[in-house]
1. Please give the length that would be gained between residue 208 and residue 106 if that part of the chain were fully extended, namely 0.36 nm times their separation in residues minus their C-alpha to C-alpha distance (nm, one decimal).
2. My understanding is that a pair violates if its Cα-Cα distance is over 27 Å; which of 157/210; 124/192; 134/195; 116/187 do that in this structure?
3. Starting from the Cα-Cα distance between residue 200 and residue 161, subtract it from 0.36 nm times their residue separation and give me the gain in nm to one decimal.
4. When the expected Rg is taken as 2.2 N^0.38 Å, what fraction or multiple of it is the alpha-carbon Rg of segment 154-210?
5. Arrange the peptides 148-157, 108-117 so that the one whose residues have, on average, the most other Cβ atoms within 10 Å appears first.
6. Given a Förster distance of 45 Å, report the FRET efficiency between residue 181 and residue 15 from their Cβ-Cβ distance, rounded to the nearest 0.05.
7. How big is the Rg/Rh ratio for segment 102-211, C-alpha atoms only, Rh by Kirkwood, two decimals?
Amino acid sequence: MYLDEIQSFRYGWLKLVFSAFVLLQIGIFISDIIRNFRVEKAAMFASYETYMKFETLLITIFFFVFAYSIMHFPVFAFTGNFEDLPASTKSKYPNSSLKDSSDLYNEIYTLVREEKLYLDFDLKLNVIAKRLDKSIHHISQAINQNAQMSFPDFINKFRIEEAKTKLLQPKPDTIFAISLDVGFNSKAAFYKAFKKGTLLTPTEFKKKHKA
């Protein structure tokens, strides 16, 4: 399973929080046991104290299991977006009514390329679905099955190609200006997508091809 930088940070933070919580519960449980050994209590409270210790133990076990699940089972790391699913799951679409998505993919590709929809930094699946009068699910299926990538990566591929042309002009604009021109909403997002698509930073790309 691939997690981008933001998802990895959130996932790591979640692991840290739950690990700390589990350690806290274990600490409370141990502290209660030590305190009970040191302090004599009335017989009428014995059963209550036993119950409290048992309850604390159950809570500790529960959160330990829950935290372990988050750390070791990828399903807990999904954000709920279809693009987060593994390729093996995305490629099956057992309940989809779209059996052959190749024609639809060609329509999507042509629309995005010829009308340069990728220049819109806020482009979403629903925009393409509306233009082609198709369901969002079918649009997503066609892209994932034929391009073997998520919708954001599919759109970024067009943006990167546009950016390459601008970067190699005799007097190119600044990298920040180019990133905005080709549809990215920030320089950081442009750098990340460019490096992912070319294995080079924009500056490295310019130097390599001009040399």
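1. On the way: separation 102, 0.36 × 102 = 36.72 nm, distance 3.27 nm.
This chain segment gains 33.5 nm when fully extended.
2. The pairs that break the limit, which is 27 Å between Cα atoms, are 134/195.
3. Extending this stretch completely gives an extra 12.7 nm.
4. 0.97
5. Highest-to-lowest ranking by the protection proxy: 148-157, 108-117.
6. On the way: r = 39 Å, r/R0 = 0.87.
So the FRET efficiency works out to roughly 0.70.
7. Working: Rg = 14.7 Å, Rh = 14.6 Å.
Ratio of gyration radius to Kirkwood radius for segment 102-211: 1.01.
Values in this text are rule-based calculations from the coordinates and carry no lab data. The model shown is predicted, which means the values in this text are computed figures rather than measured ones. Backbone-built Cβ (ideal geometry, glycine too); neighbour counts: all protein chains shown.
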